[in-house]
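**Student:** Before I ask anything, let me first share the structure, which is written out below as structure tokens.
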Amino acid sequence: MPIEQQEGARLILVLGGARSGKSTFAERLAARSGRSVAYIATAIASDADMHDRIARHRAARSTDWITIEEPLHLPTAVQQAAERADVILLDCATIWLSNWLFMGGTLDDEAISALHYDSALAEIAALTRTLATLDAGKTLIVVSNEVGMGIVPAYALGRVYRDVLGLVNQRLASAAERVYWMVAGLGVDIKRLDEQATL
């Protein structure tokens with residue numbers, strides 16, 4: 001069932017493929033707001049490549065921004081960020097979901113169940129409930145990947161990840177005021193287009 005956000009903080013979703021310019025676009029939205037910004041980073045430096053990526057992202061961010069590193073518990077991180085800033089940038093839901101699915105150890109194909117769907121979607125529902133409790137002057141920008149446009153993954157874990165992230169994105173898009181689809185660094189407001197669609 002879609003989650004409709006009726007009140008509280010605004011939600012903006014920035015969605016697209018790898019290297020489509022999502023993070024840069026989201027950071028530009030936050031910077032152009034002219035308001036205080038808190039950045040929620042979900043990545044974990046699990047290997048040398050991720051360590052380098054995290055370092056590059058840190059270096060690119062404004063030194064005036066507050067950074068909160070939280071790989072799992074999004075509602076708590078958003079609540080903490082809202083106490084210190086007006087605009088909250090969460091980058092990204094894609095990595096958060098990976099962290100969530102592997103929480104507690106290695107996840108293999110035999111361990112996959114409906115609980116992975118339910119617990120991830122429950123966390124997103126908790127996130128939207130948290131937004132509803134925040135001041136209407138607050139804005140949350142969430143960055144997420146679209147991973148469902150390629151071939152069907154050959155292994156079960158890949159299919160679960162694709163399916164759950166698709167559902168997460170749908171929940172976020174339903175609650176969002178604006179949804180930007182990124183193509184070659186350009187953002188198209190697809191929620192506005194959807195609202196204007198007629199037969």
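Here, each number is a calculation from the coordinates, and none is a lab measurement. Since the model is a prediction, treat every value here as computed from it, not as a measurement. Backbone-built Cβ (ideal geometry, glycine too); neighbour counts: all protein chains shown.
**Student:** Mind listing P(r) for the chain? All alpha-carbon pairs, 10 Å bins, whole percents.
**Tutor:** In order of increasing distance, the bins hold 8, 36, 39, 15, 2, 0 percent.
**Student:** Taking K and R as +1 and D and E as -1, what net charge do the other residues with C-beta under 14 Å from the C-beta of Val78 add up to?
**Tutor:** -3
**Student:** If one computes the Cα centroid of the range 40-80 and of the range 132-147, what distance in Å separates the two points?
**Tutor:** Going from one Cα centre to the other spans 16 Å.
**Student:** What is the fewest-to-most order of Tyr161, Tyr155 by other Cβ atoms lying within 10 Å of their Cβ?
**Tutor:** If I rank by nearby Cβ atoms, fewest first, I get Tyr155, Tyr161.
**Student:** Would you pull out the residues with amide H under 5 Å of Val147's amide H, same chain only if 5 or more places away, H placed 1.01 Å from N?
**Tutor:** none
**Student:** Kindly point out which whole DSSP H helices in the chain project their C-alpha atoms 27 angstrom or further along the helix axis while averaging a Kyte-Doolittle hydropathy of 0.5 or above.
**Tutor:** Membrane-span-like by this criterion, though nothing is claimed about a membrane: 114-133.
**Student:** What does the highest-first list of 12-23, 177-188 look like by mean Cβ count within 10 Å? Spell out each step's value before the answer.
**Tutor:** On the way: 12-23: 20.1, 177-188: 16.6.
Top to bottom by mean Cβ count within 10 Å: 12-23, 177-188.
**Student:** Another question, then. Given R₀ = 25 Å, FRET efficiency for Met50-Thr24 by Cβ-Cβ distance, to 0.05?
**Tutor:** Values: r = 19 Å, r/R0 = 0.75.
Working from the Cβ atoms, E equals 0.85.
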